[in-house]
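Colleague: Take this structure first; my questions come after.
The values are calculated or read from the model by the stated rules, or taken from the named source; none is laboratory data. Because the structure is predicted, anything quoted here is derived from the model rather than measured. Note that we place each Cβ from the backbone using ideal geometry, even for glycine, and neighbour counts take in every protein chain shown. For the accessible areas, the whole protein counts, side chains as well, though only heavy atoms, and no ligand, DNA or RNA atoms are used. Shrake-Rupley method; radii C 1.70, N 1.55, O 1.52, S 1.80 Å.
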Amino acid sequence: MPEPLKFTYDINGENFASAGEASMQIKKELRSLGFAPETIRRVSIAMYEGEINMVIHAGGGVAEVLVCPEKIEITLTDHGPGIPDIDLAMQEGYSTAPDAIRSIGFGAGMGLPNMKKYTDEMIIESEVQKGTKVFMRVDVK
Amino acid sequence: MKIEVVKQLLGAQVVCGEEHLDTDVFSACGSDMMSDVLAYVKDQAVLLTGLVNEQVIRTAAMMDMKCIVFVRNKRPTPQMVDLAECNGIVVMTSPLRMFEACGKLYEGGLNRDGATDA
């Protein structure tokens, strides 16, 4: 893999049942590229939580994944309502998801904390009523 | 513990993945909250849940889990079964309630000793 590989996915915000398809796809790509299971698990869980967030809160968005031998970078961009208080959103258990989302197993306020936990770096840029960009980096150990 | 033993302890019926019943599993997780599964599971190979939707299968796949048990006789949809088959996950359904199902597996030896920091 001399050149970094780039994968881009449109995340459909209309259909909750399909949320996670892009993360499943990345998991397969990384497996075929021969990355260690632990690295694959960290990347796919972080991206999966991000994908779910984009579907729940932002009506979908775009996921870009850059795969290098030493690191994997995920950038999630949406044009949703934005996050007014990022520190508050980062607290475990804090959630603004509607009850309907909780009844299908998400919205426990663990998404962003999980994303941070499984990655080596996470940067959130958000502007209210404009959208949110989440950058995550997983180092290959 | 073999998945076959999980099936026997829970009086479960296999929906798909019969060919993987010989696989060994070392720990389990019982939850209806998928974000909690994604947060706390280490090397937990069996997921017990009362939640029935496609995200249950995707969550298990992301965590490299080997077996999903739906409690209280809940049945997965054909789309969920297809997704599980693509990922080599055994799916079964048990008449037991969550508490009882977890208790039987714990008593049968699928306890904390099996969890690793993988």
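Colleague: Take the residues in the range B:57-110 that are assigned to a loop (DSSP other than H, G, I, E, B) and of a type in the set (Lys, Arg); name whichever of them is least open to solvent (accessible area, probe 1.4 Å). Outline the logic, then answer.
Modeller: Of the range B:57-110, the ones assigned to a loop (DSSP other than H, G, I, E, B) are B:63-66, B:71-77, B:87-89, B:94-97, B:108-110.
Next, from what is left, pick out any that are of a type in the set (Lys, Arg): B:66, B:72, B:74-75, B:97.
On the way: B:66: 81, B:72: 144, B:74: 63, B:75: 129, B:97: 141 Å².
Of everything passing the filter in the range B:57-110, B:74 is least open to solvent (accessible area, probe 1.4 Å).
Colleague: Now, a different point. Scan the range B:57-67 residue by residue and report those that are of a type in the set (Lys, Arg) and within 8 Å of chain A (Cβ to nearest Cβ). Break it down into steps so the answer makes sense when it comes.
Modeller: Applying the first criterion (of a type in the set (Lys, Arg)) to the range B:57-67 yields B:58, B:66.
Answer for the range B:57-67, where residues must be of a type in the set (Lys, Arg) and within 8 Å of chain A (Cβ to nearest Cβ): just B:58.
Colleague: Specify the residue that is nearest to the other protein chains (Cβ to nearest Cβ); the eligible residues are those in the range A:10-39 that are under 14 Å from residue A:140 (Cα atoms) and outside any helix (DSSP H, G or I). Full working, then the answer.
Modeller: First, pick out the residues of the range A:10-39 that are under 14 Å from residue A:140 (Cα atoms): A:30-31, A:33-39.
Applying the additional criterion that residues be outside any helix (DSSP H, G or I) yields A:33-36.
On the way: A:33: 17, A:34: 16, A:35: 13, A:36: 11 Å.
Ranking the candidates gives A:36 first.
Colleague: Out of all the residues in the range A:89-97, is one or more assigned to a loop (DSSP other than H, G, I, E, B), of a type in the set (D, E, K, R) and touching a strand residue (DSSP E or B) at 6+ places or on another chain (Cβ under 6 Å)?
Modeller: Our first condition is that a residue be assigned to a loop (DSSP other than H, G, I, E, B); within the range A:89-97, this holds for A:90-97.
When the remaining residues are screened for being of a type in the set (D, E, K, R), the result is A:92.
From what's left, touching a strand residue (DSSP E or B) at 6+ places or on another chain (Cβ under 6 Å): none.
Among the residues of the range A:89-97, not one is assigned to a loop (DSSP other than H, G, I, E, B), of a type in the set (D, E, K, R) and touching a strand residue (DSSP E or B) at 6+ places or on another chain (Cβ under 6 Å), which makes the answer no.
Colleague: Further question: Please work out which residue is surrounded by the most Cβ atoms within 10 Å (Cβ to Cβ), limiting yourself to the range B:31-56 and to residues that are more than 7 Å from chain A (Cβ to nearest Cβ) and under 16 Å from residue A:118 (Cα atoms).
Modeller: Among those residues, the one meeting the criterion is B:37.
Colleague: From B:80, B:62, grab the single residue that is at pLDDT below 95, more than 11 Å from the chain's Cα centre (by Cα) and of a type in the set (A, V, I, L, M). So that I can check it myself, show each step before the final result.
Modeller: Working: B:80 fails: at pLDDT below 95.
Among B:80, B:62, only B:62 is at pLDDT below 95, more than 11 Å from the chain's Cα centre (by Cα) and of a type in the set (A, V, I, L, M).
Colleague: Scanning for something within 14 Å of chain A (Cβ to nearest Cβ), in contact (Cβ under 8 Å) with a residue 40 or more places away in the chain and among the small types (Gly, Ala, Ser), does the range B:6-29 turn up at least one residue?
Modeller: Of the range B:6-29, the ones within 14 Å of chain A (Cβ to nearest Cβ) are B:29.
Now restrict to residues that are in contact (Cβ under 8 Å) with a residue 40 or more places away in the chain: none.
No: zero hits.
Colleague: Identify, from the list B:70, B:99, the residue that is more than 12 Å from chain A (Cβ to nearest Cβ), more than 22 Å from residue A:38 (Cβ to Cβ) and in contact with a Ser or Thr (Cβ under 6 Å, 6 or more places away or on another chain).
Modeller: Values: B:99 fails: in contact with a Ser or Thr (Cβ under 6 Å, 6 or more places away or on another chain).
Matching residue, one of B:70, B:99: B:70.
Colleague: Please go through the range A:16-27 and pick out each residue that is open to solvent by 70 Å² or more (accessible area, probe 1.4 Å) and of a type outside the set (Asp, Glu). Outline the logic, then answer.
Modeller: Quick first cut of the range A:16-27, residues open to solvent by 70 Å² or more (accessible area, probe 1.4 Å) only: A:21, A:25.
Answer for the range A:16-27, where residues must be open to solvent by 70 Å² or more (accessible area, probe 1.4 Å) and of a type outside the set (Asp, Glu): just A:25.
Colleague: Confirm whether residue B:39 is without any contact (Cβ under 8 Å) to a residue 12 or more places away in the chain, hydrophobic (A, V, I, L, M, F, W, C) and part of a helix (DSSP H, G or I).
Modeller: Working: without any contact (Cβ under 8 Å) to a residue 12 or more places away in the chain: yes; hydrophobic (A, V, I, L, M, F, W, C): yes; part of a helix (DSSP H, G or I): yes.
Answer is yes for this residue.
Condition check ((1) in contact with a Cys (Cβ under 7 Å, 6 or more places away or on another chain); (2) buried (at least 18 other Cβ atoms within 10 Å of the Cβ); (3) not hydrophobic (A, V, I, L, M, F, W, C)) across all residues:
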{"residue": "A:9", "(1), (2), (3)": "no, yes, yes"}
{"residue": "A:14", "(1), (2), (3)": "no, no, yes"}
{"residue": "A:29", "(1), (2), (3)": "no, no, yes"}
{"residue": "A:34", "(1), (2), (3)": "no, no, yes"}
{"residue": "A:39", "(1), (2), (3)": "no, no, yes"}
{"residue": "A:43", "(1), (2), (3)": "no, yes, no"}
{"residue": "A:48", "(1), (2), (3)": "no, yes, yes"}
{"residue": "A:52", "(1), (2), (3)": "no, yes, no"}
{"residue": "A:63", "(1), (2), (3)": "no, yes, no"}
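Colleague: Give the range A:129-141 a look and list any residue that's over 15 Å from residue A:59 (Cα atoms), assigned to a loop (DSSP other than H, G, I, E, B) and either among the small types (Gly, Ala, Ser) or open to solvent by 50 Å² or more (accessible area, probe 1.4 Å) (or both), or say none.
Modeller: Pass one, the range A:129-141, residues over 15 Å from residue A:59 (Cα atoms): A:134-141.
Add one more test, that the residue is assigned to a loop (DSSP other than H, G, I, E, B), and what stays is A:140-141.
Hit for the range A:129-141 is A:141, nothing else.
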